[in-house]
Amino acid sequence: MDELDKEAVVAALNRILESELAGVVRYTHYSFLVFGFGRIPIVSWLREQADESLMHARAVGEWITTLGAYPSLTIGPLLDAHKHDIGAILRESLEAERAALQLYRDLLSRVADRSVALEEFARRMIEVEELHQAEVDKMLRKPGDVAAFASSPTPPPASSAPPLA
Ligand SMILES: [Fe+2]
């Protein structure tokens, strides 16, 4: 097994930590801005996502201190387009989730064949984040559409977002 480049791994973990903490803030913020008939299930779904991001942040932070390093106290970039229809919120979420998934893939490339435990962690998180991303994509499809929203040839403009709320 090759040697772990601890500095690079900690940097990758800190980027993930910052992104998960941004997720906590972002989903909590969105949850305040849902109005209409669909409010109750959508608010609770958004808050579940905030809780899940916090759990991920904690797990990542623990890995950083396990490696004897200092966890970042910064939070990642927060998008706020000030468009608060549910479609816009979900599209922003999909973008942020895609970026987070890339960070976990970057972690995996740095730990694969170097640390069994960290490799397992990165793979498990990639599975969780991919399933999460798929869920958001399905929420963005119109009823009856089977094709993935993300792969639609011309992504619908903001105004034609599915009327979820
Ligand atoms: Fe996450």
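Values in this text are rule-based calculations from the coordinates and carry no lab data. Predicted model only: the values in this text are computed from it and were never measured. Cβ: placed from backbone, ideal geometry, glycine included. Neighbour counts: every protein chain shown.
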Original post:
Please state the relative contact order of the chain as a whole percent: Cα pairs under 8 Å, 6+ residues apart?
Top reply: 30
Original post:
When the chain is treated as a GNM, springs tying every alpha-carbon pair under 10 Å, which of HIS29, HIS82, HIS56 comes out with the largest mean-square fluctuation?
Top reply: HIS82
**OP:** May I ask you to order 126-134, 42-50, 97-105 by the average number of other C-beta atoms within 10 Å around their residues, highest value first?
**Re:** 97-105, 42-50, 126-134
Original post:
Does the chain come out rounded, prolate or oblate, given a ≥ b ≥ c as the square roots of the eigenvalues of its C-alpha gyration tensor, rounded meaning a/c under 1.5 and, failing that, prolate meaning a/b above b/c?
Top reply: prolate
Original post:
In straight Cα distance, which lysines are under 30 Å from LYS83, not counting same-chain residues fewer than 8 positions off?
Top reply: LYS138, LYS142
Subject >> Cut-off 14 Å between beta-carbons: net charge of the residues surrounding VAL34, Lys and Arg +1, Asp and Glu -1 >> reply: +1
Original post:
LYS6: which aspartates and glutamates have alpha carbons under 19 Å from its alpha carbon, excluding same-chain residues fewer than 8 sequence positions away?
Top reply: GLU18, GLU62, ASP106, ASP113, GLU119, GLU120
